[in-house]
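Data block below; observations after.
The values are calculated or read from the model by the stated rules, or taken from the named source; none is laboratory data. If you're wondering where the values come from, they're calculated on a predicted model, not measured in any experiment. Backbone-built Cβ (ideal geometry, glycine too); neighbour counts: all protein chains shown. Keep in mind that these areas ignore ligands, DNA and RNA; they rest on the heavy atoms of the full protein, side chains included. Shrake-Rupley method; radii C 1.70, N 1.55, O 1.52, S 1.80 Å.
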Amino acid sequence: MAHSLAMSYSQMGVRRSLLTLVRVNQKQGFDCPGCAWPEGDHRSPAEFCENGAKAVAEEATLRRVTGEFFAEHTVSELAGRSDYWLGQQGRLTEPMYKPAGSDHYEPVAWDEAFSIIARELRALESPDEALFYTSGRTSNEAAFLYQLLVRRFGTNNLPDCSNMCHESSGSALTQTLGIGKGTVSLDDLHKADLVFVVGQNPGTNHPRMLSALEKAKRNGARIVAVNPLPEAGLLRFKNPQKASGVAGRGTKLADRFLQIRLNGDMALFQALSKLMLEAEDANPGSVIDHEFVETHTHGFHDFEKNVRELEWADVEEATGLPRAAVEETVQDVLGAKSVIVCWAMGLTQHKNSVATIREVVNFLLLRGNVGRPGAGVCPVRGHSNVQGDRTMGIYEKPSAAFLDALRDEFGFEPPRRHGADAVESIRALRDGHAKVFVAMGGNFVSATPDTAVTEAAMRRARLTVQVSTKLNRSHAVCGEEALILPTLGRTERDGDRFVTVEDSMGMVHASRGRLAPASPDLLSEVAIVSRLAMRLFEQDGPSGIPWERFEADHDAVRDRIERVVPGFEDFNARVRRPGGFALPNAPRDERRFPTDTGRANFTANDLEVLRLAPGRLLLQTVRSHDQYNTTIYGMGDRYRGVHNGRRVVFVNPDDLAERGIADGELVDLVSEWPDGERTAEAFRVIAYSTARGCCAAYFPETNVLVPLDSTADTSNTPTSKSVVVRLERHAAATG
Ligand code: SF4
């Protein structure tokens, strides 16, 4: 708590901090702009975690970036600044424009800004030459209107941050269960007998999940942590809201820690399923839920054949775990009636991620661990409304049903050709196929892979537009012409209007900002989209889309959402109930699986053991504890013992000894790809307990190492969790 308050006071001062923090995640308050962890029905007076407080403080900061700031700093100078420095400058206060050929942003009137964008969009030969990116902070109302504008304009180029994070989850779960989301509620987590937390660091990225795990433990659950890194929060949780957490030793969370090798998760879950089948052979009817398998699933025999043929040598090599550890873990499984598997980027950012997540589903289907209390899949979303944005239609591959509903509601024929996702958008900018890039929030150039390629691609754009609350790198790495459109934050009031968001478990609820806006020149996201639409389509005459009304009355937007998006019946009434409402979820609510077979699909997935050339390591990019996505709150990472530095690489001491590299030495990280090598220079080595052959370093600093074309099969998500690198002594160090 001390860290949260210190951070808040430094940004907001004492009074504003206390007034603001008491409203975070409260039923009549605003939704935390951090991750998407749900709130329970009961709200504590301090319903936030340390990183939630930091996210709020960063947004509600009293620091300001004014026109004078931009007069003082050239764009090229800003491009040389760190993400941390840029973020610490404060809130944007007025629209800014960088004309072509100029190295300075200058103030511009909103009206003029919309004219510039409309002019550039109308000048395009095809609507597909424009890209419309969405970050997961965008509210449901703004997201729905944004996709409406983009499709009315004539393209499905709607890349979003989900493309880089849980796209693999969406692909695998849609194929196997018929819904691209998790199937558990917070209550299920409290009721589970066994919880796997895989490739996730909740202590930093979803901190209040630890309270839920602590409650599950009190209810008798066992927890298995699967991760190459021994993440502090998962091993022992000192709950800042409990005396035992503040003064005591806290709660031991993980009963079992499997320090798995990067990309070893498919092998682990295949091996667990194999052992369960063998236990069933030994004692028929004691392990497999045959009634569920026969009634609700498809494809069991291909799956069974596949895992029975699994070789233990491959399992041990792929996981880096001894067979005995897997055999002990299956005893946890056999001892549990209800099992939940939670995961984050550690599962989704690999070439075989979609197949790995399908294997997790196989493992759960065997004992019917889907669609009953305490059981199911739980991909934990990292951005407060990333799931909501997708539900609102922010997707480059929209379903025909969604487009039909949009057509019927708004009377125009939306484009049917699939659009570009995040990686395809970078290629389109790089190759000159895209000329205008519009971002609703986020920090695209720092969030994406292959930094050198991405930055060069962005600079090729004719116009870039960033709707933002704070200064970031995507303002400095911009197109020939560039616009910055400052918007309201979650903490700020927008008259008496409220917005809605959807959390990781499908709960839709209201968010009401209370603070006075950081500047009188800010517009809400909804207002920005509505006014741009009015300018862009004014030449087309009346369109029957009441953009002006939408800006003034968000209930009118929700009325349209209700008619276009399934599950939002009676939206305006239900979302006004304290805590909001749960969206329907067929697998969870009815054990109904709207897949291509109409059943939950078992799948047979080929295990490919990732074998590296001698001297190579597998790198995963991670967040520090003082970071949220690309927002850097501070230079520390106290849970990993790092203070005041970000260019560090965590390496297993035995791997260092093997390479004759000492703890503390400076090295360059070099990644290898068919199109050449990429280097991230001058990282201090930290001897650290990582799985053998694996290392870890922070993004965005190491995004430069992730090749643009190194993506997951099917989901096209960058493979930021398994980058092949070698360590080279840093030239300066060798003098
Ligand atoms: S757990 Fe996530 S949503 Fe909750 S307060 Fe922390 S950062 Fe915010």
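For a quick check of your reading: which strands (runs of 3 or more DSSP E) sit entirely within the range 620-735 and have at least 1 residues that are of a type in the set (D, E, K, R) and farther than 20 Å from Cys35 by Cβ?
Strands (runs of 3 or more DSSP E) meeting the threshold: 666-673, 676-687, 723-729.
Can Pro594 be described as touching a helix residue (DSSP H, G or I) at 6+ places or on another chain (Cβ under 6 Å), touching a residue at least 60 places away in the same chain (Cβ under 8 Å) and not charged (D, E, K, R)?
In short, yes.
Looking only at the range 100-122, decide whether some residue is within 26 Å of the chain's Cα centre (by Cα) and more than 13 Å from the ligand (Cβ to nearest atom).
Looking for residues that are within 26 Å of the chain's Cα centre (by Cα) and more than 13 Å from the ligand (Cβ to nearest atom), one finds none in the range 100-122, hence no.
Please verify whether Glu59 is within 16 Å of the ligand (Cβ to nearest atom), in contact with a Ser or Thr (Cβ under 6 Å, 6 or more places away or on another chain) and open to solvent by less than 50 Å² (accessible area, probe 1.4 Å), treating the condition exactly as stated.
yes
Can you tell me which of (1) in a helix (DSSP H, G or I); (2) without any contact (Cβ under 8 Å) to a residue 12 or more places away in the chain; (3) not aliphatic (A, V, I, L, M) is the one Ser171 doesn't meet?
In the conditions (1) in a helix (DSSP H, G or I); (2) without any contact (Cβ under 8 Å) to a residue 12 or more places away in the chain; (3) not aliphatic (A, V, I, L, M), Ser171 misses (2) alone.
Please count how many residues of the range 247-274 are out of contact with any Ser or Thr (no Cβ under 9 Å at 6 or more places or on another chain), not in a strand (DSSP E or B) and not acidic (Asp, Glu).
Count: 8.
Working only within the range 191-210, note down all residues that are away from the ligand (no atom under 12 Å from the Cβ) and in a loop (DSSP other than H, G, I, E, B).
Matches in the range 191-210: Ala192, Asp193, Gly199, Gln200, Asn201.
Report those helices (runs of 4 or more DSSP H) wholly inside the range 284-337 carrying at least 3 residues which are under 29 Å from Arg692 (Cβ atoms).
300-308, 312-319, 323-334
Given (1) outside the structural domain of Ser135 (by TED's automatic domain parsing); (2) open to solvent by less than 20 Å² (accessible area, probe 1.4 Å), where does Asp421 come up short, assuming only one miss?
(1)
Those residues that are in a helix (DSSP H, G or I) and more than 17 Å from Ser624 (Cα to Cα), I need them from the range 211-234; list them, please.
Listed by number, the residues that qualify are Ser211, Ala212, Leu213, Glu214, Lys215, Ala216, Lys217, Arg218.
With respect to Arg236, determine if the residue is of a type in the set (Lys, Arg) and either in contact (Cβ under 8 Å) with a residue 60 or more places away in the chain or not assigned by TED's automatic domain parsing to the domain that holds Leu364 (or both).
Taking the combined requirement at face value, the residue does not satisfy it.
Given Arg640, Arg678, Arg647, which one is open to solvent by 50 Å² or more (accessible area, probe 1.4 Å), in contact (Cβ under 8 Å) with a residue 40 or more places away in the chain, over 27 Å from Arg358 (Cβ atoms) and not assigned by TED's automatic domain parsing to the domain that holds Ala355?
After ruling out the rest, the residue left standing is Arg647.
Quick one: which of Ser17, Ser8 is open to solvent by less than 20 Å² (accessible area, probe 1.4 Å), more than 14 Å from the ligand (Cβ to nearest atom), over 23 Å from Val445 (Cα atoms) and in contact with a Leu (Cβ under 8 Å, 6 or more places away or on another chain)?
Ser17
Which of the residues that make up the range 211-229 are crowded, with 24+ Cβ neighbours inside 10 Å and within 13 Å of the ligand (Cβ to nearest atom)?
Residue satisfying the conditions is Leu213 alone.
Arg611: of a type outside the set (A, V, I, L, M, F, W, C) and under 25 Å from the mean Cα position of the chain (by Cα), yes or no?
No, not satisfied.
Please specify each residue of the range 493-505 satisfying the condition of being open to solvent by 10 Å² or more (accessible area, probe 1.4 Å) and either in contact (Cβ under 8 Å) with a residue 40 or more places away in the chain or in a loop (DSSP other than H, G, I, E, B) (or both).
Of everything in the range 493-505, those that are open to solvent by 10 Å² or more (accessible area, probe 1.4 Å) and either in contact (Cβ under 8 Å) with a residue 40 or more places away in the chain or in a loop (DSSP other than H, G, I, E, B) (or both) turn out to be Arg493, Gly495, Asp496, Arg497, Phe498, Val499, Met505.
Go through the range 397-413 and count every residue that is buried (at least 23 other Cβ atoms within 10 Å of the Cβ) and part of a loop (DSSP other than H, G, I, E, B).
Residues flagged as buried (at least 23 other Cβ atoms within 10 Å of the Cβ) and part of a loop (DSSP other than H, G, I, E, B) within the range 397-413 amount to 0.
With respect to Ser474, is the statement that it is modelled with pLDDT of 95 or more, open to solvent by less than 10 Å² (accessible area, probe 1.4 Å) and under 15 Å from Leu131 (Cβ atoms) true?
Answer is yes for this residue.
For the range 353-365, check the following and say yes or no: at least one residue is under 21 Å from the mean Cα position of the chain (by Cα) and within 16 Å of the ligand (Cβ to nearest atom).
No, there is no match, as no residue in the range 353-365 is under 21 Å from the mean Cα position of the chain (by Cα) and within 16 Å of the ligand (Cβ to nearest atom).
Taking the condition of being assigned to a helix (DSSP H, G or I) and either touching a helix residue (DSSP H, G or I) at 6+ places or on another chain (Cβ under 8 Å) or outside the structural domain of Ala457 (by TED's automatic domain parsing) (or both), how many residues in the range 148-163 meet it?
Within the range 148-163, residues that are assigned to a helix (DSSP H, G or I) and either touching a helix residue (DSSP H, G or I) at 6+ places or on another chain (Cβ under 8 Å) or outside the structural domain of Ala457 (by TED's automatic domain parsing) (or both) number 8.
State whether the residues of the range 286-296 include one that is touching an Asp or Glu at 6+ places or on another chain (Cβ under 8 Å) and aliphatic (A, V, I, L, M).
There is at least one residue in the range 286-296 that is touching an Asp or Glu at 6+ places or on another chain (Cβ under 8 Å) and aliphatic (A, V, I, L, M).
Picking from Glu538, Glu551, Glu569, which residue would you name as being among the charged types (D, E, K, R) and modelled with pLDDT under 95?
Being among the charged types (D, E, K, R) and modelled with pLDDT under 95 holds for just one of Glu538, Glu551, Glu569, which is Glu538.
How about the range 24-55: which of its residues are in contact (Cβ under 8 Å) with a residue 24 or more places away in the chain, touching a Lys or Arg at 6+ places or on another chain (Cβ under 6 Å) and more than 8 Å from the ligand (Cβ to nearest atom)?
The answer is Gly29, Phe30.
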